[in-house]
Amino acid sequence: QVQLVESGGGLVQAGGSLRLSCQASGSIFSINTMGWYRQAPGKQRELVATVGRDGSINYAHSVKGRFTISRDNAKNTVYLQMNSLKPEDTAVYYCNSDGLVGNYWGQGTQVTVSS
């Protein structure tokens, strides 16, 4: 199994920045892809960004150029640097891992962007 613990959410004004962190523990050797998803009230959970063990990266169109995902394999941690935040970025952000032992989710961290 894999355990994921997120941190770094909060309240920020539009145009501001936040950095999310997600540390993995457990069967970390089995993890291939790590990423971030978000879910706004009344909406489905959606992909924000993913990064593979090989460094391959995928972004949602809505965050390209504003968000940057990175991964530190030595620390078993994935980061999401969020710049130029917009009110529509308000959501609960979830860390995700996918690999040989399955797909896992963190508990989520709230990001609120005020206008």
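See the values below:
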| quantity | calculated |
| --- | --- |
| Qualifying residues in segment 60-89 (those that are among the small types (G, A, S) and outside any strand (DSSP E or B)) - the one farthest from T112 (Cα to Cα) | A74 |
| Segment 100-115 residues that are among the aromatic types (F, W, Y), paired with ones that are part of a strand (DSSP E or B) and surrounded by fewer than 19 Cβ atoms within 10 Å (Cβ to Cβ) (beta carbon under 9 Å, 6 or more apart) | Y104/Q3; Y104/G26; Y104/D98 |
| Single unsatisfied condition, F29 versus (1) modelled with pLDDT under 95; (2) part of a strand (DSSP E or B) | (2) |
| Where K86 falls short, out of the listed (1) open to solvent by 30 Å² or more (accessible area, probe 1.4 Å); (2) closer than 19 Å to E6 by Cα | (2) |
| Test: residue in segment 44-62 that is in contact with an Asp or Glu (Cβ under 8 Å, 6 or more places away or on another chain), crowded, with 21+ Cβ neighbours inside 10 Å and either among the hydroxyl-bearing types (S, T, Y) or over 16 Å from S30 (Cβ atoms) (or both) | no |
| Pair list, Cβ < 9 Å and 6+ apart or interchain, from segment 3-20 residues that are closer than 22 Å to N96 by Cα to residues that are among the charged types (D, E, K, R) and open to solvent by 20 Å² or more (accessible area, probe 1.4 Å) | G8/R19 |
| Residue match in segment 57-80 (condition: in contact with a Lys or Arg (Cβ under 9 Å, 6 or more places away or on another chain) and in contact (Cβ under 8 Å) with a residue 60 or more places away in the chain) | yes |
| Members of segment 20-34 that are exposed (fewer than 13 other Cβ atoms within 10 Å of the Cβ) and under 13 Å from R71 (Cα atoms) | N32 |
| Scan of segment 51-76 for residues that are among the β-branched types (V, I, T) and modelled with pLDDT under 95, ordered by number | none |
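The values are calculated or read from the model by the stated rules, or taken from the named source; none is laboratory data. Everything numeric here is computed off the predicted structure, so don't read it as measured data. FYI the Cβ positions are ideal-geometry reconstructions off the backbone, even for glycines, and counts take in every protein chain you see. Keep in mind that these areas ignore ligands, DNA and RNA; they rest on the heavy atoms of the full protein, side chains included. Shrake-Rupley method; radii C 1.70, N 1.55, O 1.52, S 1.80 Å.
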